[in-house]
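The values are calculated or read from the model by the stated rules, or taken from the named source; none is laboratory data. The structure displayed is predicted, hence computed values, not measured ones. Cβ coordinates were reconstructed from backbone atoms using ideal geometry, including for glycine residues, and neighbour counts include every protein chain displayed. SASA here: full protein model, heavy atoms, side chains in, ligands and nucleic acids out. Shrake-Rupley method; radii C 1.70, N 1.55, O 1.52, S 1.80 Å.
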Amino acid sequence: MARGHAGKVAVITGAAKGIGQAFALRLAEDGVDIVVADLDAADETVAQVKAFGRRAIGIRCDVASEGSVKALAGEVEQQFGRCDILINNAGIYPVQAFEEISFADWRRLMAINLDAAFLTASAFIPGMKRRRWGRIVNMASSTFGLVVPGYAHYIASKGGVIGLSRALASEFGKHGITVNAVAPSLTRTPGTLSRAPRAAFASMDDEFAALAARQAVPQPQTPADLVGTISFLTSDDSAFITGQTLYVDGGLVRS
Ligand SMILES: NC(=O)c1ccc[n+]([C@@H]2O[C@H](COP(=O)([O-])OP(=O)(O)OC[C@H]3O[C@@H](n4cnc5c(N)ncnc54)[C@H](O)[C@@H]3O)[C@@H](O)[C@H]2O)c1
């Protein structure tokens, strides 16, 4: 177990399923109480967190809405009195050629993938500052460092997330708050498994296999490959690591 987790409270967005759910379960195992903020009901995550003996609640929240994030913060304050760990994980990744992206598509994606990181940080940093301890992890993507068609809006949003993480790190390090980004490669989740494969592939399994072949660790990535990093980055052990982007991608070849 990483040090400093006992008695802490984490707010994890988009943790009703997928990568966020895996984060919730790992942090619960580490001794952290969990708030799941998701558009969807989070009953499954909440039940599994409770099985570790931790407190857990699911709060319906649209992370792209200022009012919804403010309501989330109020509910967290009322029920837990604190948020020590914030993981901005909710995100969408529609594959769309640049010329098919309308301004409304662009704005919606930016609101969920980037504005949300601003809104949640604004809501929870004041309490972290008062307690002189906080850990923020923002989900980026390995696509930021790659040449990937069909993702102009997505890659731009994740670049924004990386920039925001560095900027927040520089302002709040003196208050005991670290801010880092984690960039996975294509990971098997309900979101990726339900999307259509890219044109070059017959199935998502083919797409996963092709990517795995470009990794130093040649197997498809799963949420389990990310949880150790999250445990570390939200612990006392990583107190001197901030403003970084960790590419947790099996050593994907960048070309
Ligand atoms: N899966 C991958 O291949 C991969 C790779 C790199 C980065 N990421 C990033 O990891 C994060 C999680 O991805 P995933 O594959 O687990 O996604 P997913 O689609 O499986 O799950 C996403 C969760 O976010 C929630 N959500 C979506 N919009 C929301 C909103 N506006 N407000 C609140 N909740 C909302 C959904 O209800 C869902 O529970 C995303 O930020 C994604 O960009 C994923």
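One equal scatterer on each Cα of the chain, no solvent, Debye formula: the resulting log10 I(q)/I(0) at q = 0.09, 0.11, 0.16 Å⁻¹ is -0.36, -0.55, -1.20. In summary, the lysines within cross-link reach of K129, defined as a Cα separation below 29 angstrom excluding same-chain residues under 8 places away, comprise K8, K50, K70, K158, K174.
Considering only A183, G127, V248, the residue lying farthest towards the positive end of the dipole of the chain is G127, judged by Cα position with unit charges set on Cβ.
Computed about its Cα centre, the charge dipole of the chain is approximately 720 debye, with only Lys, Arg, Asp and Glu carrying charge at their Cβ. If a paramagnetic tag sat 7 Å from the Cα of E100 along the Cα-Cβ line, which residues of segment 132-154 would have the backbone N under 15 Å from that point? Answer for segment 132-154: 149-154. Look at the dipole of the chain built from charges on Cβ: of I136, A6, Q79, the Cα furthest out on the positive end belongs to A6.
Probing with 1.4 Å while keeping every protein chain in the model, the per residue accessible area of segment 73-210 equals 43 Å². As a length-normalised measure over Cα pairs under 8 Å and 6 or more apart, the relative contact order of segment 1-67 settles at 31 percent. With contacts taken as Cα pairs under 8 Å and at least 6 residues apart, the chain reaches a relative contact order of 20 percent.
Average 1/r across all pairs of distinct alpha carbons in segment 1-67, invert it, and you get the Kirkwood radius: 11.6 Å.
Full extension of the segment from A152 to S122, taken as 0.36 nm per residue of separation minus the current Cα-Cα distance, would add 8.2 nm. Normalised by the number of residues in segment 139-246, the average gap of Cα pairs under 8 Å and 6 or more apart makes the relative contact order 34 percent.
Eigen-decomposition of the gyration tensor built on the alpha-carbon atoms of segment 71-139 gives equivalent ellipsoid semi-axes of 31, 11, 9 angstrom, largest listed first. Mean-square fluctuations from a GNM of the chain, with a 10 angstrom spring cutoff on Cα atoms, peak among R132, R198, R188 at R198. For A224 and E171, the difference between the fully extended length at 0.36 nm per residue and the C-alpha to C-alpha distance is 15.9 nm. Between A209 and Q78, the simple label model (points 7 Å from Cα in the Cβ direction) yields a spacing of 5.2 nm. Determine the gain in length on full extension of the stretch A202-R55; use 0.36 nm per residue of separation and subtract their C-alpha separation, reporting nm with one decimal. Result for the pair: 48.6 nm of gain on full extension. Only helices enter this figure: runs of n ≥ 4 DSSP H residues, each worth -39500 (n - 2.57), summed and divided by the residues of the chain, yield -12000 deg cm²/dmol at 222 nm to the nearest 500.
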